[in-house]
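These notes concern the structure reproduced below.
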Amino acid sequence: MTGAMEPSARWNDAQLDAMRQTQDPVADPVVAALFAAGQVNAVNSLMQTLVENDGLPPDALPANVTAYLAATAGLPDWADPAKIAAGEGVFWRYGPAIIAALTCYALPFCYAGRKGVQVLALTARLTSNPARRVIETAQMVVDVMRPGGLGAVGSGIRTAQKVRLMHAAVRLLIAQYPGWKPEFDLPINQEDMAGTLLSFSSITLEGLERLGYALSTDEIEGYLHAWKVVGHILGIRPEMLPIDYADAGALAARIAARQFAACEEGQYMTRALVQMLQHVVPGDLFDAVPEVLMRYFLGDRTADLLAVAPEHAAEILLGPLQLLVHTESTLMHSSSELARLHERFGRALIEGIVLVGRGGKRIPFTVPTELLQAWGVNWVA
C-alpha cells in the first residue's frame, strides 16, 4: 500500500485523466483471447455461465479463464483479517440500513457521473430489467461482507472475480460498438471503478453517519479496508485505493467535481431505479421513500441533476408513513426520524428482494439465515 500523505496531494486531474485511459491488464486479455481466437460463442457462453451460476466448475470454462481464477483468488498481502472482521461486524449490525443506502445513495451517486453512466445505458442491463441489476449488486455486497465472505470458504472472492470478468466482457463488447463516443473515455476505466468502489464503501458510511449511526473509528476503517480488499480483487490499481476514510472522502469529492453533470442516461437510470424499488418493496406504503432518501443523501444540486422528485417529504408526513415517524418533527431536518424510516425501508426492501429473486435461470438472491435473523427481516424458509 502507498504511504501516508496529504489527500490533496494525491488526487489531481492529470492523475485521474490518466486513469480514465486505463482499464484492466489482467482480466481484459482473458476475454480478448477468446474473441481473437474466433470464439465469440465462448465469450457469450462465459457471460451466461457467470450470470447463471454461483460456482464456476473448471470443466465448464476455457482453460485461460480457469487460470485467471486461480491467479486472482488470493487476498493481497496487506489484507488485515482483524480489520476485515470489523467491517463484517458493521454489515452484521447495520445490514438493512446499508442495503437501503446502496440503493438510495451509492447507485444514484454513480448515475450522476455523466461519462461513467453511459456504460449502463449502453448495455441496458438496468433499464431492461432494473430488478435484476440491483438484486445482483445487492448479492455482491452480501457475498463479500457476510461473516467469512472474504475467507477461504466464503463466496466473496469468487463473486468479485466474476464481476471483474464481466467488466472485461462488457469492455470488449463496447469496443465493437461503433456508437461509443471518445469523449466518454475508455469504458469501465480505473477512475470509474474507483468511484463505484467508493460508493459502496465510504459513501455508504457517510450516509450512515448523516443518519446518526455512531460508528467507531475501527468500524469505519474496517469497513473501508474490507472494500479496499474487494477493490484489489476487482482489479483496481493500488494507487487508486484510498489510504483511509478522509482520503476516500477527498477522492469522492474530486471525482464528483470532475464528473457529475446532468444527462438523459443518468436521469433514466435513476427513474428506472426508483420504479424498481417501488415494485420490489411490497405494497405502496414506501413508494415515496426512495426519492426522499436520494434527495437527502445527494443534496438538492445532485438530486436535480438526476431529476429526483422534490415534493415527497410532505407526502410522507401527511400519509400513512407518519405512523413510523413523529408527526411533530420535520422529516427532512431530523436525522433520527429519517434513520428510523431508512432502516424500516431497508428491511422491507430485503424482504422484497428475497421474494422476487433474480428471475429466469439465475440463482435466487441468498442471504445467510443468521443475517436475516440479526436484521429482523421476515422471510419464507
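The values are calculated or read from the model by the stated rules, or taken from the named source; none is laboratory data. What you are looking at is a predicted structure, and each value in this text was computed from that prediction instead of being measured. Every residue, glycine among them, receives a Cβ derived from its backbone with ideal geometry; neighbour counts consider all protein chains shown. Note: accessible area is taken over every heavy atom of the protein model, side chains too, but ligands, DNA and RNA are not part of it. Shrake-Rupley method; radii C 1.70, N 1.55, O 1.52, S 1.80 Å.
Per the conditions (1) modelled with pLDDT under 95; (2) touching a strand residue (DSSP E or B) at 6+ places or on another chain (Cβ under 9 Å), the sole criterion not satisfied by Ala169 is (2). Listed by position, the helices (runs of 4 or more DSSP H) contained in the stretch 38-107 that have at least 1 residues being modelled with pLDDT of 95 or more and of a type in the set (Asp, Glu) are 81-101. A single member of Leu197, Leu165, Leu173 is under 26 Å from Ala73 (Cα atoms), assigned to a helix (DSSP H, G or I) and open to solvent by 20 Å² or more (accessible area, probe 1.4 Å), and it is Leu173. Of the residues making up the stretch 233-259, those that are more than 14 Å from Ser199 (Cβ to Cβ) and in a loop (DSSP other than H, G, I, E, B) are Gly235, Arg237, Leu241, Ile243, Asp244.
Just to be sure, is Tyr213 farther than 21 Å from Leu102 by Cα, among the aromatic types (Phe, Trp, Tyr) and open to solvent by 30 Å² or more (accessible area, probe 1.4 Å)? Here the answer is no, as Tyr213 does not meet what is asked.
Of all the listed residues (Val281, Val292, Val230), the sole one being open to solvent by less than 60 Å² (accessible area, probe 1.4 Å), modelled with pLDDT under 95, closer than 26 Å to Glu88 by Cα and of a type in the set (A, V, I, L, M, F, W, C) is Val281. The lone criterion from (1) touching a residue at least 40 places away in the same chain (Cβ under 8 Å); (2) over 18 Å from Met19 (Cβ atoms); (3) of a type in the set (Asp, Glu) left unmet by Glu183 is number (2). Applying the condition of being free of Cβ contacts under 8 Å to residues at least 40 places away in the same chain and part of a helix (DSSP H, G or I) to the stretch 204-219 and asking which residue is nearest to Glu88 (Cα to Cα) yields Thr217. Being of a type outside the set (S, T, N, Q) and farther than 23 Å from Asp17 by Cβ is the requirement here; does Ala214 meet it? Criteria met by Ala214. Checked against the criterion of being of a type outside the set (D, E, K, R) and in contact with a strand residue (DSSP E or B) (Cβ under 7 Å, 6 or more places away or on another chain), the candidates Gln267, Gln278, Gln259 yield just one match: Gln259. Using the structure shown, decide if Cys110 is in contact with a helix residue (DSSP H, G or I) (Cβ under 8 Å, 6 or more places away or on another chain) and open to solvent by 30 Å² or more (accessible area, probe 1.4 Å). Taking the combined requirement at face value, the residue satisfies it. Of all residue pairs spaced 6 or more apart or on separate chains, those with beta-carbon atoms under 7 Å, a first member in the stretch 275-296 that is among the hydroxyl-bearing types (Ser, Thr, Tyr) and a second member that is open to solvent by 10 Å² or more (accessible area, probe 1.4 Å) are Tyr296/Met332.
If you take the residues in the stretch 233-253 that are β-branched (Val, Ile, Thr) and touching a Ser or Thr at 6+ places or on another chain (Cβ under 7 Å), which one is surrounded by the fewest Cβ atoms within 10 Å (Cβ to Cβ)? First the steps, then the outcome.
Restricting attention to the stretch 233-253, the residues satisfying the condition of being β-branched (Val, Ile, Thr) are 233, 236, 243.
Filter again for touching a Ser or Thr at 6+ places or on another chain (Cβ under 7 Å), leaving 233, 243.
On the way: Ile233: 23, Ile243: 18.
Restricting to residues being β-branched (Val, Ile, Thr) and touching a Ser or Thr at 6+ places or on another chain (Cβ under 7 Å), the top hit is Ile243.
When the stretch 144-162 is limited to residues that are open to solvent by 10 Å² or more (accessible area, probe 1.4 Å) and in a helix (DSSP H, G or I), the one that is farthest from Ala374 (Cα to Cα) turns out to be Lys162.
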